[in-house]
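Novice: I have a structure I would like to understand better, so I am pasting it below and will then ask my questions one at a time.
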Amino acid sequence: MLVPEWLHTFGKHRLACIGLFGLVVISFFSIAGPFFLDGNTQQFNLENMLAAPSNEYLLGTDRLGRDLLWQIMSGGRISLWVGLIATLLATVIGCSYGIISALMGNWVDRILLYILDIILAIPMLLIVIVVQALGESSMIKVILVIGLTSWANIARLVRTESCRLLQTTFIQAAITIGCTPFQIIIRHLLPNLLSPLIVVVTVGVGNAILLETTLSFLNLGIPSTSYPSWGNIMSNGMSALLSGSWWIVVFPGLMIVITVLSINLIGDGLRDIVNPVQRESRT
Amino acid sequence: MWRFILIRFFKAFFQLLLTSLIAFLIVKSAPGDPIASLVGGREFMTDHDYQRVAHNLGLDRPIALQYGTWLVNIFQGDWGHSIRDGRFVSTTILECINATLILIGISCFFMIGIAVFVGCWAGLRARTNIDYIISSLSLISSATPAFWLGLLLILLFSVSLNWFPSSGQLPIGSDGALSDYLVHLTLPVSCIVLTHIGPYIRLVRGSVQDVLTTDYYRAAQARGLPKLVLIKNYILPNALTPFTVWIGLTFPLLVGGTFIVEWVFGWPGIGRLFLQVSMARDYPMIMGIVIATSVLVIIGNLLADFLVLWLNPRLRRKTSSTNDND
């Protein structure tokens, strides 16, 4: 049985279990958390501007007197969703690019690979910043921009793996008995690509979250007038930082670190499942 | 060997071309009418004036031709004028790029040094407490956003302890003494190194462990060579090649990270300038900086590639095929 086996391997990977636990806690905290809080805490409350963490406000308040805990919870929802959807978009683009490159072969493959190399060497952060700085920003735009600029790594992996798979006997056999390319992709390539893909995608979600928070921090991501995100909470807290209101910057950042760390730990665990040979040399 | 170098330069050229094309298209597709914004609004111009200005600026020509003209100008050193202050784009960039180069250079130096040292240490002491500590720290490092760590460093070392200045390159009225520079460099460099070093340490640790299991290393060990010789002649050269390749590959990320750190620490480099002009929508400056940064990244990539060639004798012999392997 395949499923219990990989679950077993994952379970033996202690760090990955910690990561999974962390991610589950953070997701629950972000998705279900706001329901447990008093609804009034999200209102402006100018009497409690920049209140330090206390019993009433566990993590303090921001400069409009809103409860930071509530903001971080709802911010987590946004940051996690943006990271997830942007990476899914990148995965779809990367998979298509990689599979087309591998299937076409010959000079198409060479040219596509060449372009991929070039794209990988472009400092994407600059392009992202330019796109975000020109024109209005919205959540959809952030997702699109992150997705459209982070697919190159995935495409490279998919192309390499597909090339290897296309040489295997079972796919050669499938080609010989006259399967259409569509059938080969759906029935043979994609299921076998899944395991190496899941590792890069996991790490990709972490990177997308980092990118989103960085953009939002620079006021180039999710507009703080629409939804709170971990990045724009910090961006709002910047002005209060030098006067000593450390909590507005410290807590959202900690959430980012814990989330991305959890995701990366899960990625490590998955890598060990996918690639048992490496497990021997690299714990 | 020469063929490889030639191909590599060819690739670098295309890289530059593609980046410039992307930047050009993004700026072209930005909302807003550049001609109307010159006089403050379309309603202040007659149709005849509008067409005349468009013709004079070359904006009525096909977009491919506009791109070509712009590209030729770039190669001839005419990078245009800033919209904000009317200065030459190239002059402003040249003024700022030194600060960035210093920051990246020093960060790279420390990062490579520390990553090689710490990574080797962890690799040689695999599955001991010191290895676990180093590995955990490097994992945390790659999960930390650079801007956040920068803010924490400012909070701790500038606001609370008052050891280091929070921003800038030199104090006002300074005569440019070295100590002033060093004091201002400490926090930004620490921030860049601490947030980018994680993957490098893990990579060095992994390659060191790979070498430890090879036959030639065990043979050398069995001959009773001293530990230092083993490390210097057997472990380091083999661990360094993937490391250098990786540095070349991740150089764009490092440059991007440096930009953010410059912004947080008010470092007067090209990254802070870039964020400023992006937010001010100063198109000629934006495009100039994108080109300048691409040149920087491409030079970094080329250096890494040639370093790999120099480090790894096996590649030197079969260089023409290095392009195709993955």
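The values are calculated or read from the model by the stated rules, or taken from the named source; none is laboratory data. Given the structure is predicted, the values throughout are model-derived calculations rather than measurements. Note: ideal-geometry Cβ built from the backbone for every residue, glycine included; neighbour counts use all protein chains shown. Side chains are part of the model used for accessible areas, which takes the heavy atoms of the whole protein and leaves out ligands, DNA and RNA. Shrake-Rupley method; radii C 1.70, N 1.55, O 1.52, S 1.80 Å.
Novice: Search segment B:146-174 for residues being within 14 Å of chain A (Cβ to nearest Cβ) and in contact (Cβ under 8 Å) with a residue 60 or more places away in the chain, and hand back the single one that is surrounded by the fewest Cβ atoms within 10 Å (Cβ to Cβ).
Specialist: Among residues in segment B:146-174 that are within 14 Å of chain A (Cβ to nearest Cβ) and in contact (Cβ under 8 Å) with a residue 60 or more places away in the chain, the one surrounded by the fewest Cβ atoms within 10 Å (Cβ to Cβ) is B:Ser167.
Novice: Filter segment B:29-84 for residues that are in contact with a Ser or Thr (Cβ under 9 Å, 6 or more places away or on another chain) and either hydroxyl-bearing (Ser, Thr, Tyr) or not in a helix (DSSP H, G or I) (or both) and give the result.
Specialist: B:Gly58, B:Arg61, B:Tyr67, B:Gly77, B:Asp78, B:Trp79, B:Gly80, B:Ser82, B:Ile83 - these are the residues of segment B:29-84 that are in contact with a Ser or Thr (Cβ under 9 Å, 6 or more places away or on another chain) and either hydroxyl-bearing (Ser, Thr, Tyr) or not in a helix (DSSP H, G or I) (or both).
Novice: Out of segment B:256-272, which residues are among the β-branched types (Val, Ile, Thr) and open to solvent by 10 Å² or more (accessible area, probe 1.4 Å)?
Specialist: Within segment B:256-272, just B:Val264 meets the criteria.
Novice: Consider A:Asn219 carefully, then state whether it is at positive phi and free of Cβ contacts under 8 Å to residues at least 60 places away in the same chain.
Specialist: yes
To keep it simple, each residue is scored yes or no on (1) open to solvent by 10 Å² or more (accessible area, probe 1.4 Å); (2) within 14 Å of chain A (Cβ to nearest Cβ); (3) touching a Ser or Thr at 6+ places or on another chain (Cβ under 8 Å).
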site	(1), (2), (3)
B:Asp180	yes, no, yes
B:Pro199	yes, yes, yes
B:Arg202	yes, yes, yes
B:Pro237	yes, no, no
B:Leu254	no, yes, yes
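Novice: Please find, among B:Leu203, B:Leu194, the residue that is among the hydrophobic types (A, V, I, L, M, F, W, C), in a helix (DSSP H, G or I) and touching a Pro at 6+ places or on another chain (Cβ under 8 Å).
Specialist: Answer to the check: B:Leu203.
Novice: Take the conditions over 24 Å from A:Cys95 (Cα atoms), open to solvent by 30 Å² or more (accessible area, probe 1.4 Å) and modelled with pLDDT of 85 or more and apply them to A:Asn232. Does it pass?
Specialist: no
Novice: Further question on the same structure: Does B:Ser142 qualify as being within 13 Å of another protein chain (Cβ to nearest Cβ) and surrounded by fewer than 15 Cβ atoms within 10 Å (Cβ to Cβ)?
Specialist: no
Novice: Hey, among B:Ala54, B:Ala23, B:Ala115, B:Ala99, which residue is at pLDDT 85 or above, within 25 Å of B:Met285 (Cβ to Cβ), in contact with a helix residue (DSSP H, G or I) (Cβ under 8 Å, 6 or more places away or on another chain) and of a type outside the set (S, T, N, Q)?
Specialist: When all the criteria are applied, what remains is B:Ala99.
Novice: For segment B:102-136, which residues satisfy the criterion of being farther than 22 Å from B:Gly271 by Cβ, touching a residue at least 40 places away in the same chain (Cβ under 8 Å) and either open to solvent by 40 Å² or more (accessible area, probe 1.4 Å) or part of a helix (DSSP H, G or I) (or both)?
Specialist: Across segment B:102-136, the qualifying residues are B:Ile114, B:Ala115, B:Val116, B:Val118, B:Gly119, B:Cys120, B:Ala122, B:Gly123, B:Leu124, B:Asp131, B:Ile134, B:Ser135.
Novice: Over 20 Å from B:Pro145 (Cβ atoms), more than 14 Å from every other protein chain (Cβ to nearest Cβ) and either open to solvent by 20 Å² or more (accessible area, probe 1.4 Å) or at pLDDT below 90 (or both) - does that describe any residue in segment A:121-130?
Specialist: No: segment A:121-130 contains no residue that is over 20 Å from B:Pro145 (Cβ atoms), more than 14 Å from every other protein chain (Cβ to nearest Cβ) and either open to solvent by 20 Å² or more (accessible area, probe 1.4 Å) or at pLDDT below 90 (or both).
Novice: Quick check on my filter: what residues within segment A:61-117 are closer than 18 Å to A:Val158 by Cβ, surrounded by fewer than 17 Cβ atoms within 10 Å (Cβ to Cβ) and aromatic (Phe, Trp, Tyr)?
Specialist: Passing the criteria: only A:Tyr114.
Novice: Shifting gears a bit: Does any residue in segment B:81-101 that is in the same structural domain as B:Glu262 (by TED's automatic domain parsing) and within 18 Å of B:Leu170 (Cα to Cα) come within less than 6 Å, Cβ to Cβ, of a residue that is at pLDDT 85 or above and surrounded by fewer than 21 Cβ atoms within 10 Å (Cβ to Cβ) six or more places away or on a different chain, and which pairs are these?
Specialist: B:Ala99/B:Pro268
Novice: Only one of A:Ser239, A:Ser216 is more than 10 Å from every other protein chain (Cβ to nearest Cβ) and modelled with pLDDT of 90 or more. Can you tell me which?
Specialist: Going through A:Ser239, A:Ser216 in turn, the sole match is A:Ser216.
Novice: Regarding segment B:273-283, can at least one residue be identified that is part of a helix (DSSP H, G or I), without any contact (Cβ under 8 Å) to a residue 12 or more places away in the chain, closer than 18 Å to A:Ser216 by Cα and open to solvent by 10 Å² or more (accessible area, probe 1.4 Å)?
Specialist: Yes: one or more hits.
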